[in-house]
1. Got at least one residue in the stretch B:231-247 being assigned to a loop (DSSP other than H, G, I, E, B), loosely packed, with under 14 Cβ neighbours inside 10 Å and out of contact with any Pro (no Cβ under 9 Å at 6 or more places or on another chain)?
2. Would you confirm whether or not the stretch A:77-85 contains a residue that is more than 9 Å from every other protein chain (Cβ to nearest Cβ), at pLDDT 95 or above and within 13 Å of B:ALA214 (Cβ to Cβ)?
3. Confirm whether A:HIS203 is within 14 Å of ligand 1 (Cβ to nearest atom) and not in a strand (DSSP E or B).
4. Can you tell me which of B:SER174, B:SER225, B:SER219 is over 26 Å from the mean Cα position of the chain (by Cα) and open to solvent by 60 Å² or more (accessible area, probe 1.4 Å)?
5. What residue, of A:SER147, A:SER75, A:SER64, is of a type in the set (Gly, Ala, Ser) and either more than 30 Å from A:SER19 (Cα to Cα) or buried (at least 20 other Cβ atoms within 10 Å of the Cβ) (or both)?
6. Across the stretch B:248-260, what is the number of residues that are within 23 Å of the chain's Cα centre (by Cα) and open to solvent by less than 60 Å² (accessible area, probe 1.4 Å)?
Amino acid sequence: MAIIDLRNVTYKYPLTQESALKNINFQVNEGEFVAVIGPNGAGKSTLCYTVAGFVPHFFKGELSGTVEVAGADSSKSNLHEWVLNVGLAFQNPFNQISGAKYTVFEEIAFGLENIGVPRDEMIPRVNDAMKLTGISELADRSPYSLSGGQQQRVALTSILVMHPKVLVLDEPTSQMDPIGTREVFGVIRTLAEQGMTVIMAEHKVEWIANFADRVVALHEGQIIEDGKPQEALTSDVLAGKGFGISRYTSVARKAKETGLWKKDKLPVTLEEAVEGFAHV
Amino acid sequence: MNTFSMYVARESGLHKLYPLTKASLTLLLLIAGLTLPVNWAGYFLVLFVIFPLAIWGKVFKNFMRIVWSISLPFIISVIIIQSLFWGKGTPIFEFWILAPKIEGVIFATISVGRIILVMAGFILFAMTTRPDALMISLKQVGVPSSLAYIIVTTLQIVPRFVTKASTILDAQRSRGLETDGNLFVRSRAVVPIILPLVLGSLMEVEERAIAIEARGFNSNREETSLIEIPDTRAQFILRRIFMVLMILSIIARVAWQLST
Ligand SMILES: Nc1ncnc2c1ncn2[C@@H]1O[C@H](COP(=O)(O)OP(=O)(O)OP(=O)(O)O)[C@@H](O)[C@H]1O
Ligand SMILES: [Mg+2]
């Protein structure tokens, strides 16, 4: 059953001419890990905000169509109730630090304090969440003293600790090195397998190919491709529109022209490329 | 070290005081400094109340550094202005249009003392009070949590603004912006520095609002708190005494005003 259900969603930010989302139809099943890709300005963040309820509740503007998450209609709900079901972490980690907390541990507990979780429940929840994302040793540091990548992990943990049904992540690894990125993708994969639904706007196609269940490609506010990562990421529909394309796909596409790549499917990851060229 | 708040972590009696006790003492010093009809009250209170407290709080060195760097420009500019515009009096020296009068300089020094008192009080408070502890105790006395959040984050804005301004300054310099030279050169540099600072801050406010909302900040459930901050009966009484002193100080001022 679809836990996220967007039907004919069109949205325009206040004081703008062009719609940022145009006639979006988007259903996601429980436990699915969906990556959203697209060039700058395609509407990835806007889609994230829409699922997370900030469009239209926070940004205002004109929204038509229906947005449902876990059976509730966004237009008939309050944002402060909506966020209990849908967690949102976004790109700039610095602005996600509350500024009212002294240590990472307390920063992560901030959300639990706000929603009234009792202290004896709060402490194990924070500990578990930090262990999951691998930041236990940062517990006593000041959030401001961390690197960008570490701050992004804190931002992610601060949302995970609230146990949302749906996790919306807008470029959550943009400041992480490859090791950090791999770890975070791994954590999210595990969570999805445990039943959490994940929407993630992301540019790093090779990681998406390795970890996501499905890819949605946005272009000028419209979904132009939706499918399994391997197919969607190598689709001809994306060509020439400014999408990030895996270097292995580009190489194989060229190789195909000269007959060097024999398979039908183009590769996205290194493994697929090696495997394909091995049969030459 | 937390680079974005003035707080300096130390094990001291001052640090352990309930935040509201320190807040009411700061308020008392502010009111006393502004109202007491005694000329040198500002310096007196700084010397005999704030300095001992800073020593007790084990932050005297850091405290002096900040107070000094903030007060010095004030002292200099107030004294210059007074010496230019003070009418009659005994000139110390005369040079071109400059003729500082002894009376003007004394008056300036007295008023600067009151300003220093207020700033020093706030700085000492911010240095010895954890922002989160302040927020919790404000909520405990019934301040709405959104207001408490605004108060606490505003206290941290000044150091953050300074850091950001210098980042932007460096960035613009590396693009060739001239910031040294005569007044004209310098004033041309203002826009490329202020504009990103203001626009950046607006963006920051919006994102921060989204981030705390996503973490249930506007939830209407009863809030809980991770840390507990102990208050004592003695401190409760102390706060009442501070309040009485504030009122007395104001009464003294009014009485003095009426009698002259
Ligand atoms: N707050 C806003 N007010 C007005 N217009 C906005 C706002 N935020 C985004 N837009 C516009 O909406 C469109 C979609 O922007 P969005 O931020 O969703 O793109 P994106 O795919 O996330 O891009 P990026 O890769 O740069 O993050 C763009 O044309 C953008 O200019
Ligand atoms: Mg975006």
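1. yes
2. Checking the stretch A:77-85: at least one residue is more than 9 Å from every other protein chain (Cβ to nearest Cβ), at pLDDT 95 or above and within 13 Å of B:ALA214 (Cβ to Cβ).
3. yes
4. Of the residues listed, the single one that is over 26 Å from the mean Cα position of the chain (by Cα) and open to solvent by 60 Å² or more (accessible area, probe 1.4 Å) is B:SER174.
5. A:SER147
6. The qualifying residues number 1.
Rundown of residues vs (1) of a type outside the set (Lys, Arg); (2) under 30 Å from A:HIS80 (Cβ atoms); (3) away from chain A (no Cβ under 14 Å); (4) without any contact (Cβ under 8 Å) to a residue 24 or more places away in the chain, yes/no style:
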| position | (1), (2), (3), (4) |
| --- | --- |
| B:ALA120 | yes, no, yes, no |
| B:LEU147 | yes, yes, no, yes |
| B:ILE151 | yes, yes, no, yes |
| B:LYS164 | no, no, no, no |
| B:ILE193 | yes, no, yes, no |
| B:ARG215 | no, yes, no, yes |
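Results for (1) within 14 Å of another protein chain (Cβ to nearest Cβ); (2) touching a strand residue (DSSP E or B) at 6+ places or on another chain (Cβ under 8 Å); (3) more than 16 Å from ligand 2 (Cβ to nearest atom), shown as yes or no for each residue.
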| position | (1), (2), (3) |
| --- | --- |
| A:ILE3 | no, yes, yes |
| A:TYR13 | yes, no, no |
| A:LYS22 | no, yes, yes |
| A:GLN27 | no, yes, yes |
| A:PHE33 | no, yes, yes |
| A:GLY38 | no, yes, no |
| A:GLY43 | no, yes, no |
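The values are calculated or read from the model by the stated rules, or taken from the named source; none is laboratory data. What you are looking at is a predicted structure, and each value in this text was computed from that prediction instead of being measured. We place every Cβ from the backbone using ideal geometry, glycine too, and count neighbours over all the protein chains shown. These area figures cover heavy atoms from the full protein model, side chains too; ligands, DNA and RNA do not enter into them. Shrake-Rupley method; radii C 1.70, N 1.55, O 1.52, S 1.80 Å.
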